[in-house]
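Report on the following structure.
The values are calculated or read from the model by the stated rules, or taken from the named source; none is laboratory data. Predicted, not measured: the structure shown is a model, and the values here were computed from it. Note: ideal-geometry Cβ built from the backbone for every residue, glycine included; neighbour counts use all protein chains shown.
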Amino acid sequence: MVLQSWNAQQYLKHAAYVPDFGQDALELLSVEPGEIILDLGCGEGTLAAQIQNRGALVTGIDTAEDMLKQADEKGIKTLLMSGEKLEFENEFNAVFSNAALHWMQDYKGVIRGVVKALKPGGRFVGEMGCDRNCRIIRSAMENVFAENRDFGPYKSPWIFPSPKTYMHALKEAGFSLTYHTEIERRTPLETGMKGWLELFTGSLTEELSEAHKKRFYKETIKRLKPDLYSKEKGWEADYVCMRFAAYLPVNTT
């Protein structure tokens with residue numbers, strides 16, 4: 001699987017709604033002044049800056065250098081690091097993540113890394129896509145690949161566990177859950193479905209020729225139009241997310 005690449009300007013153009021939708025998860029984090037917080041998959045740093053503005057000391061990590069440059073400009077301490085290979089131990093009061101965990105295929109490994117990174121009593125708050133997320137879009141893409149064998153095999157860029165599966169993984173790792181919910185969120189795509197596909201399927205289409213990419217976009221959009229486009233609303237994405245909060249109990253024995 002080719003690593004997804006990100007362009008900060010394109011991200012802000014096509015997906016500015018992502019940090020906006022992270023506000024509820026941010027409120028769930030309940031930042032206290034002086035806390036040391038890790039933003040796991042911080043992207044261009046919009047939410048990390050908001051956390052920092054509430055008095056926390058924030059470290060943001062991501063695998064996209066272009067996004068980290070934007071976060072740096074917001075005054076965030078950043079590190080180029082994969083969420084699947086966290087290099088922290090007993091450092092943070094909380095780990096926060098918005099719209100990033102579903103890009104990390106080894107989700108159990110991510111959770112283990114979070115456990116190691118947290119101080120005793122530390123909390124993990126996040127929002128991510130779940131098993132029903134973008135189901136219509138994903139089905140269309142898989143079918144287009146199946147009908148175009150010259151594209152090669154379809155390899156999903158994402159991991160979308162069910163809420164039940166993910167909550168079980170958190171508990172298995174030692175977390176106690178304090179909150180979890182599932183959110184259905186039909187989301188307007190102001191720059192259209194093609195912009196969404198170009199931004200979010202980079203790792204899927206990276207090895208396709210330009211002609212194959214054009215065919216992929218065209219055929220996928222054709223399949224999606226009956227379900228996700230209307231004259232009244234324009235293009236929408238069928239987002240379904242889960243939001244959770246958990247903490248590591250302090251061992252008093």
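The condition of being of a type in the set (Val, Ile, Thr) and not in a loop (DSSP other than H, G, I, E, B) holds for only one of ILE136, ILE159, that being ILE136.
Anything in the stretch 201-217 that is touching a residue at least 60 places away in the same chain (Cβ under 8 Å) and either within 20 Å of the chain's Cα centre (by Cα) or assigned to a helix (DSSP H, G or I) (or both)? List them, or say none. Quick ask: steps written out before the conclusion?
Let us first name the residues in the stretch 201-217 that are touching a residue at least 60 places away in the same chain (Cβ under 8 Å), namely 201-204, 206-207, 212, 215-216.
Answer for the stretch 201-217, where residues must be touching a residue at least 60 places away in the same chain (Cβ under 8 Å) and either within 20 Å of the chain's Cα centre (by Cα) or assigned to a helix (DSSP H, G or I) (or both): THR201, GLY202, SER203, LEU204, GLU206, HIS212, ARG215, PHE216.
Candidates MET67, MET167, MET104: the one that is at pLDDT below 95 and within 21 Å of LEU26 (Cβ to Cβ) is MET67.
In the list MET167, MET128, which residue meets the criterion of being surrounded by 12 or more Cβ atoms within 10 Å (Cβ to Cβ) and assigned to a helix (DSSP H, G or I)?
On the way: MET128 fails: assigned to a helix (DSSP H, G or I).
Criteria check complete, one pass: MET167.
Taken over the stretch 237-253, the residue count meeting the criterion of being farther than 25 Å from HIS180 by Cβ and either assigned to a strand (DSSP E or B) or in contact (Cβ under 8 Å) with a residue 12 or more places away in the chain (or both) is 0.
Give me a count of the residues in the stretch 24-66 that are among the small types (Gly, Ala, Ser), more than 21 Å from TYR11 (Cα to Cα) and buried (at least 24 other Cβ atoms within 10 Å of the Cβ).
First, the residues of the stretch 24-66 that are among the small types (Gly, Ala, Ser): 25, 30, 34, 41, 43, 45, 48-49, 55-56, 60, 64.
This time we only want the ones that are more than 21 Å from TYR11 (Cα to Cα), so: 30, 34, 55-56.
Now narrow it down to the ones that are buried (at least 24 other Cβ atoms within 10 Å of the Cβ): none.
Summing the residues that are among the small types (Gly, Ala, Ser), more than 21 Å from TYR11 (Cα to Cα) and buried (at least 24 other Cβ atoms within 10 Å of the Cβ) in the stretch 24-66 gives 0.
Condition first: within 16 Å of the chain's Cα centre (by Cα), at positive phi, not in a strand (DSSP E or B) and not small (Gly, Ala, Ser). Can you find one or more residues in the stretch 114-122 that meet it? Within the stretch 114-122 (the criterion being within 16 Å of the chain's Cα centre (by Cα), at positive phi, not in a strand (DSSP E or B) and not small (Gly, Ala, Ser)), the answer is no, since none of the residues qualifies. The single condition from (1) within 22 Å of LEU177 (Cβ to Cβ); (2) surrounded by fewer than 23 Cβ atoms within 10 Å (Cβ to Cβ) that LEU80 fails is (1).
With a requirement of 2 or more residues that are in contact (Cβ under 8 Å) with a residue 40 or more places away in the chain and either of a type outside the set (Val, Ile, Thr) or on the phi > 0 side of the Ramachandran plot (or both), the strands (runs of 3 or more DSSP E) lying completely within the stretch 1-110 that satisfy it span 36-40, 92-98.
Condition first: aliphatic (A, V, I, L, M) and within 30 Å of ARG123 (Cα to Cα). Now tell me which residues in the stretch 176-235 satisfy that. Please lay out each step first, then the result.
Filtering the stretch 176-235 down to residues aliphatic (A, V, I, L, M) leaves 177, 183, 189, 193, 197, 199, 204, 208, 211, 221, 224, 228.
Scanning the stretch 176-235 gives LEU177, ILE183.
Is it fair to say HIS168 is in contact with a Phe, Trp or Tyr (Cβ under 9 Å, 6 or more places away or on another chain) and either among the hydroxyl-bearing types (Ser, Thr, Tyr) or over 21 Å from TYR11 (Cα atoms) (or both)? No: the conditions fail for HIS168.
Here the stretch 205-232 is the region considered, the condition is being modelled with pLDDT under 95 and under 28 Å from ARG185 (Cβ atoms), and the residue that is surrounded by the fewest Cβ atoms within 10 Å (Cβ to Cβ) is GLU206. Filtered by the rule that a residue be among the small types (Gly, Ala, Ser) and over 19 Å from PHE88 (Cβ atoms), the stretch 44-63 gives ALA49, GLY55.
Just give me the residues in the stretch 197-209 being out of contact with any His (no Cβ under 6 Å at 6 or more places or on another chain) and farther than 13 Å from PHE151 by Cβ, in sequence order.
Taking the stretch 197-209 as the starting set, the residues that turn out to be out of contact with any His (no Cβ under 6 Å at 6 or more places or on another chain) are 197-198, 200-209.
Scanning the stretch 197-209 gives LEU197, GLU198, PHE200, GLY202, SER203.
In the stretch 139-162, the residue that is farthest from VAL18 (Cα to Cα) out of those that are crowded, with 17+ Cβ neighbours inside 10 Å and over 15 Å from the mean Cα position of the chain (by Cα) is PHE151.
I'd like to check something: does the stretch 181-193 contain any residue that is part of a loop (DSSP other than H, G, I, E, B) and free of Cβ contacts under 8 Å to residues at least 40 places away in the same chain?
Initially, the stretch 181-193 is screened for residues part of a loop (DSSP other than H, G, I, E, B), giving 189-191.
Next, from what is left, pick out any that are free of Cβ contacts under 8 Å to residues at least 40 places away in the same chain: none.
No: zero hits.
Of the residues making up the stretch 130-151, those that are closer than 20 Å to GLY202 by Cβ and either at pLDDT below 95 or touching a Pro at 6+ places or on another chain (Cβ under 9 Å) (or both) number 1.
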